[in-house]
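Chemist: This is the structure, below, for whatever I ask next.
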Amino acid sequence: MEERLQKLLSAAGICSRRAAEGYLASGRVAVNGAAAKVGDKADPDRDTVTVDGIPLPKPDSPVWLMLNKPRGYVTTLSDEKGRRTAAELVADCGCRVWPVGRLDLDSEGLLLFTNDGEGTNRLLHPSREVEKEYHVSVTGDLERALPILSGPLELDGALLSPARVSVLRRDGTGGA
């Protein structure tokens, strides 16, 4: 089945889909010996796709990892500020994986990593409306925090759906 070359390069662990656009624009990718461009497709069962003259390796079987991300790690594959990344913690898993979702630098908890692009899309694409649940400890004035936490939020210029917030437990100091 034909797929976009960016997806094939990403699935083979060569680079991200976005980086693949640069590979294609610079003429590093060929299909059956002919230079390819952004938007081109190929069938990995029928076509020979090369990067810098080297054939693409066969894609890995889907891998899913669960990581208890500690505080102090950013959820990214590389960080321009030189901070520690959660990807470093799974770098020796045997294949190229990426985080599914993200947790803030000061957050800890379950973070999934995978090499499964379709699975990532099923979980993260807004059209799928997959609900995420977070249990958070709050220090300080909880009553003042509740309207902020449940109000409309903005991320990277996009308005997010309001969160449903409920108090699971109070610790007696005003926090939860």
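The values are calculated or read from the model by the stated rules, or taken from the named source; none is laboratory data. Given the structure is predicted, the values throughout are model-derived calculations rather than measurements. All Cβ positions, glycine included, derive from the backbone under ideal geometry; neighbour counts span all protein chains shown. We work out accessible area using only protein heavy atoms, side chains counted, and drop any ligands, DNA or RNA first. Shrake-Rupley method; radii C 1.70, N 1.55, O 1.52, S 1.80 Å.
Chemist: Return the FRET efficiency for the residue pair Lys41, Leu142: r is the Cβ-Cβ distance, R0 is 45 Å, and the value is rounded to the nearest 0.05.
Modeler: Efficiency, from the Cβ-Cβ distance: 0.30.
Chemist: Spin-label point model (7 Å from Cα, Cβ direction): what's the Leu168 to Leu65 distance in nm?
Modeler: 2.6
Chemist: Related question: Restrict the search to the range 86-128; then list the trypsin sites (Lys or Arg not before Pro) that DSSP places in a loop and that have at most 16 other Cβ atoms within 10 Å of their Cβ.
Modeler: Hits after loop and neighbour filter: Arg102.
Chemist: Follow-up. Each label point is 7 Å from the Cα along the Cα-to-Cβ direction; what then is the distance between the points at Glu3 and Glu88, in nm?
Modeler: 3.1
Chemist: So, one more: Out of the total accessible area of the range 1-74 (probe 1.4 Å, heavy atoms of protein only), what percent is carbon and sulfur?
Modeler: The computed percentage sits at 53.
Chemist: Which number do you get for Rg(Cα) / (2.2 N^0.38 Å) in the range 69-176?
Modeler: Dividing the Cα radius of gyration by 2.2 N^0.38 Å gives 1.25.
Chemist: Taking 0.36 nm per residue of sequence separation and subtracting the Cα-Cα distance, how much length would be gained by fully extending the chain between Lys58 and Cys15, in nm to one decimal?
Modeler: 14.1 nm
Chemist: Now for a separate question. With each run of n ≥ 4 DSSP H residues scored as -39500 (n - 2.57), what mean residue ellipticity at 222 nm is computed for the chain after dividing by its residue count and rounding to the nearest 500 deg cm²/dmol?
Modeler: Here the helix-only value at 222 nm equals -5500 deg cm²/dmol.
Chemist: Mind giving me the nanometre distance, one decimal, between the label points for Ala158 and Leu123, set 7 Å out from Cα along Cα→Cβ?
Modeler: 1.7
Chemist: What FRET efficiency, computed as 1/(1 + (r/R0)^6) with R0 = 45 Å and r the Cβ-Cβ distance, is obtained for Ser107 and Thr50, rounded to the nearest 0.05?
Modeler: With R0 = 45 Å, the Cβ-Cβ based efficiency is 0.65.
Chemist: Here's another thing I want to ask about it. Hey, got a sec? Which GluC sites (Glu not before Pro) in the range 65-111 land in a DSSP loop and have at most 12 other Cβ atoms within 10 Å?
Modeler: Glu80
Chemist: Given H placed on each backbone N at 1.01 Å, which residues far from Ala36 in sequence or on other chains put an amide H within less than 5 Å of it?
Modeler: Here Val29, Ala30, Val31 satisfy the definition.
Chemist: Here's a follow-up. In Å, the Kirkwood hydrodynamic radius of the range 1-158 over pairs of distinct alpha carbons?
Modeler: Averaging 1/r across every pair of different Cα atoms and inverting gives 18.2 Å.
Chemist: Here is a follow-up. Express the accessible area of the chain per residue in Å², computed with a 1.4 Å probe while the remaining protein chains stay in the model.
Modeler: 69
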